Amino acid sequence: MASSKKEFTHLDQKTGDPTMVDVGQKAVTKRVATASCEVVLGEEILALLLNDKDIFTKKGPVFQTAIIAGTMAAKKTSDLIPLCHPLALEQVKIDIEPIGKTLVRVSCTASLTGKTGVEMEALTGASVAALTIYDMCKGFSHDIVINELKLDQKTGGKNNFSRE
């Protein structure tokens, strides 16, 4: 009978030292993950961004720059998080959607066909896109807040997950 005991996957079971998970024997499957967060900009900043599609801060077009930054970050996740495998992502999609009058929802979907999941890539993409929005808008206000970075769903591999 298999044990249902959960373990930290990135710790060597004998020594407790950090270790990269061995994915050598895992099956190659289509793996997709979506993560999201909210950026509370306030009414004034969001109105500026939505009512003037060509608005530029000193650093460029805000949402378009955030999309590029989030995509680049997802591709570089293994450079940022020590035990993540370098992955050949097949797609990264960043969406920025206004919610009400004060905030935007930033989501990142990452996918590949491979032996390990893309949750960390989706989380990294969403967070860096949100941080880019903050960076580009902080000249208007430092009262911007990034909330609730979370994995929304993942498919492929041993376990699927959905927050919905």
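The values are calculated or read from the model by the stated rules, or taken from the named source; none is laboratory data. What you see is a predicted model; the values in this text were computed from it and never measured. Please note: Cβ atoms are built from the backbone with ideal geometry, for glycine as well, and neighbour counts cover all protein chains shown.
Mind counting the residues in the range 108-127 that are touching a residue at least 60 places away in the same chain (Cβ under 8 Å) and either closer than 12 Å to residue 39 by Cβ or hydroxyl-bearing (Ser, Thr, Tyr) (or both)?
Keep residues of the range 108-127 that are touching a residue at least 60 places away in the same chain (Cβ under 8 Å), which gives 108-119, 121-123, 125-127.
Now narrow it down to the ones that are either closer than 12 Å to residue 39 by Cβ or hydroxyl-bearing (Ser, Thr, Tyr) (or both): 109, 111, 113, 116, 126-127.
Summing the residues that are touching a residue at least 60 places away in the same chain (Cβ under 8 Å) and either closer than 12 Å to residue 39 by Cβ or hydroxyl-bearing (Ser, Thr, Tyr) (or both) in the range 108-127 gives 6.
Residues in the range 122-147 that are touching a helix residue (DSSP H, G or I) at 6+ places or on another chain (Cβ under 8 Å) and farther than 25 Å from residue 84 by Cα: how many?
Final tally of qualifying residues: 6.
Only residues that are touching a strand residue (DSSP E or B) at 6+ places or on another chain (Cβ under 7 Å), in a helix (DSSP H, G or I) and hydroxyl-bearing (Ser, Thr, Tyr): list them for the range 98-151, please.
127, 134
Kindly provide the set of residues from the range 15-46 that are at pLDDT below 75 and either on the phi < 0 side of the Ramachandran plot or in contact with a Lys or Arg (Cβ under 6 Å, 6 or more places away or on another chain) (or both), ordered by number. Working first, answer last.
Looking only at the range 15-46, we keep the residues that are at pLDDT below 75, and these are 15-24.
Listed by number, the residues that qualify are 15, 17, 18, 19, 20, 21, 22, 23, 24.
(1) basic (Lys, Arg); (2) in contact with a helix residue (DSSP H, G or I) (Cβ under 9 Å, 6 or more places away or on another chain); (3) surrounded by fewer than 13 Cβ atoms within 10 Å (Cβ to Cβ): which one isn't true of residue 154, the others all being true?
(3)
Among (1) loosely packed, with under 13 Cβ neighbours inside 10 Å; (2) of a type in the set (A, V, I, L, M); (3) under 22 Å from residue 44 (Cα atoms), which single condition is residue 103 missing?
(1)
Somewhere in the range 51-70, is a residue farther than 26 Å from residue 156 by Cα, assigned to a loop (DSSP other than H, G, I, E, B) and modelled with pLDDT of 80 or more?
no
In this structure, is residue 154 in contact with a strand residue (DSSP E or B) (Cβ under 8 Å, 6 or more places away or on another chain), closer than 30 Å to residue 25 by Cα, outside any loop (DSSP other than H, G, I, E, B) and free of Cβ contacts under 8 Å to residues at least 40 places away in the same chain?
Details: in contact with a strand residue (DSSP E or B) (Cβ under 8 Å, 6 or more places away or on another chain): yes; closer than 30 Å to residue 25 by Cα: yes; outside any loop (DSSP other than H, G, I, E, B): yes; free of Cβ contacts under 8 Å to residues at least 40 places away in the same chain: no.
Judged against the criteria, residue 154 is not a match.
Select from the range 30-49 the residues that are of a type in the set (Val, Ile, Thr) and within 23 Å of residue 150 (Cα to Cα) and write down the one among them that is surrounded by the fewest Cβ atoms within 10 Å (Cβ to Cβ).
40
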